[in-house]
Amino acid sequence: MFSFQVFDHAMARGFQNRFSTQYRCYSVSMLAGPNDRSDVEKGGKIIMPPSALDQLSRLNITYPMLFKLTNKNSDRMTHCGVLEFVADEGICYLPHWMMQNLLLEEGGLVQVESVNLMVATYSKFQPQSPDFLDITNPKAVLENALRNFACLTTGDVIAINYNEKIYELRVMETKPDKAVSIIECDMNVDFDAPLGYKEPERRPPHQEEPTEEEGDPSSYADMDMGFRAFTGSGNRLDGKTKGIEPSPAPLAPSDIKRGIPNYDFKVGRITFIRNSRPQPRKIVDDDDAMNRFIAFSGQGQSLRKKGRKP
């Protein structure tokens, strides 16, 4: 009899330290008041009535306050924190993404229970759209968004707001448990391939066939490409022809430089193009100068003057 009373007292104390009640849930957009509460949609915390705070303060619960939300009709559950105690009595306000996970409609019943969760060490997320890959630094964006969350549950689809766009991420895995607390923790984050993402097809590199205009570069080596150093034939002083045959090095296709074609070429005509300056015309014609020239027709001069004889 004595042992039964001790067991009954311990059970009663255990139920007194546990918060469990039902509320009718609504989305944050239904919250009355002049202030815009769109910040609640960006996180994983709910708004509860003041009576919940009065009841929680009488219980010996651990902080921070974490709760388990259960929809008994669909057997769906998730975990969350509490942001404020300003809701009307019998009502709690949830983010829209949380109501979707629980398959709850406006005014549906949700069971709220206080829980203790282990601190997270690892989590893996899967973006629900390939648009998430457009973010330059997704880990930094996710770290900043998770500051508004208190805990994570495996299987939930959370929503984060970045650059005026909503991105949904599915929680694929959490360690050391399926539900963990992420308040003041050192957590490693990993990403899975986004839903609907397809790897780009890698085509094998193929060599392009040379066209008729380009031709085969290997055939240029058989053509006369102009001056090549040390390719002429030599002569010996003794008249022998041994060892004087030229042995030019073969040309590589990369060494061949193609010139500019002459589009005005006509068969049977050879055109020499020289970059020389035209000579100026002479004033006196050369033929006239040759006709006027007479050899030894000049007059001589003597250094000694001839005197007259008396």
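If I take R0 = 30 Å and measure r between the Cβ atoms of R147 and D75 in this structure, what FRET efficiency does the formula 1/(1 + (r/R0)^6) give, to the nearest 0.05?
Values: r = 31 Å, r/R0 = 1.03.
E between R147 and D75, to the nearest 0.05, is 0.45.
If I stretch the segment between S302 and K266 completely, what's the gain in nm (0.36 nm per residue apart, minus their alpha carbon distance), one decimal?
On the way: separation 36, 0.36 × 36 = 12.96 nm, distance 6.80 nm.
The S302-K266 span can extend by a further 6.2 nm.
For E41, E164, what's the largest-to-smallest order of accessible area, 1.4 Å probe? Before the final figure, lay out the partial values.
Numbers: E41 60, E164 180 Å².
Solvent-accessible surface, decreasing: E164, E41.
With a ≥ b ≥ c taken as the square roots of the eigenvalues of the C-alpha gyration tensor of the range 31-103, please select rounded if a/c is under 1.5 and otherwise prolate if a/b is larger than b/c or oblate if it is not?
Numbers: a/c = 1.62, a/b = 1.06, b/c = 1.52.
Oblate shape, in that a/c is at least 1.5 and b/c is the bigger or equal ratio.
Would you work out the relative contact order for the range 122-191, in percent, from Cα pairs under 8 angstrom that are 6 or more residues apart? Display every interim value, and only then the final one.
Numbers: 105 pairs, mean separation 34.1, N = 70.
It comes to 49 percent, rounded to a whole number.
What length, rounded to one decimal in nm, is gained on full extension from D186 through to L133, with 0.36 nm per residue of separation minus their alpha-carbon distance? Walk me through the numbers on the way to the answer.
Details: separation 53, 0.36 × 53 = 19.08 nm, distance 2.43 nm.
Contour length minus Cα-Cα distance gives 16.6 nm.
Once Rh for the range 122-191 is found with the Kirkwood sum over Cα pairs, what is the Stokes-Einstein diffusion coefficient at 10 °C and 1.306 mPa s, in µm²/s? Display every interim value, and only then the final one.
Details: Rh = 12.3 Å.
Translational diffusion coefficient: 129 µm²/s.
So which of K45/K139; K72/K124; K72/K139 end up more than 31 Å apart by C-alpha? Intermediate results must be reported in sequence, preceding the final value.
Working: K45/K139 21 Å; K72/K124 27 Å; K72/K139 35 Å.
Checking Cα-Cα distances, K72/K139 exceed 31 Å.
Considering only protein heavy atoms and a probe of 1.4 Å, how much of the accessible area of the range 20-115 is carbon and sulfur, as a whole percent? Please list the in-between numbers first.
Working: 2280 of 4830 Å².
For the range 20-115, the apolar C and S fraction of the accessible surface comes to 47 percent.
Heavy atoms only, probe 1.4 Å: what % of the accessible area of the range 150-205 goes to carbon and sulfur, would you let me know? Intermediate values should be presented prior to the final figure.
Values: 1730 of 3930 Å².
The value for the range 150-205 is 44 percent carbon and sulfur by accessible area.
I need to check one value: relative contact order of the range 20-115, counting alpha carbon pairs closer than 8 Å and at least 6 residues apart, in percent.
Details: 187 pairs, mean separation 45.8, N = 96.
Reported relative contact order: 48 percent.
What does the highest-first list of 48-57, 136-145 look like by mean Cβ count within 10 Å? Intermediate results must be reported in sequence, preceding the final value.
Details: 48-57: 15.1, 136-145: 13.5.
Result, highest mean first: 48-57, 136-145.
Working out 0.36 nm times the residue gap between S57 and R292, then minus their Cα-Cα distance, what length gain in nm do you get to one decimal? Walk me through the intermediate numbers first.
Numbers: separation 235, 0.36 × 235 = 84.60 nm, distance 13.59 nm.
Gain on stretching S57 to R292: 71.0 nm.
Can you give the accessible area per residue of the range 122-191, in Å², using a 1.4 Å probe? Intermediate results must be reported in sequence, preceding the final value.
Numbers: 3820 Å² over 70 residues.
Spelled out: the 1.4 Å probe surface of the range 122-191, per residue, equals 55 Å².
The values are calculated or read from the model by the stated rules, or taken from the named source; none is laboratory data. If you're wondering where the values come from, they're calculated on a predicted model, not measured in any experiment. No Cβ is skipped: glycine too gets one built from the backbone with ideal geometry, and neighbour counts run over all protein chains shown. With ligands, DNA and RNA removed, areas are computed over all heavy atoms of the protein, side chains included. Shrake-Rupley method; radii C 1.70, N 1.55, O 1.52, S 1.80 Å.
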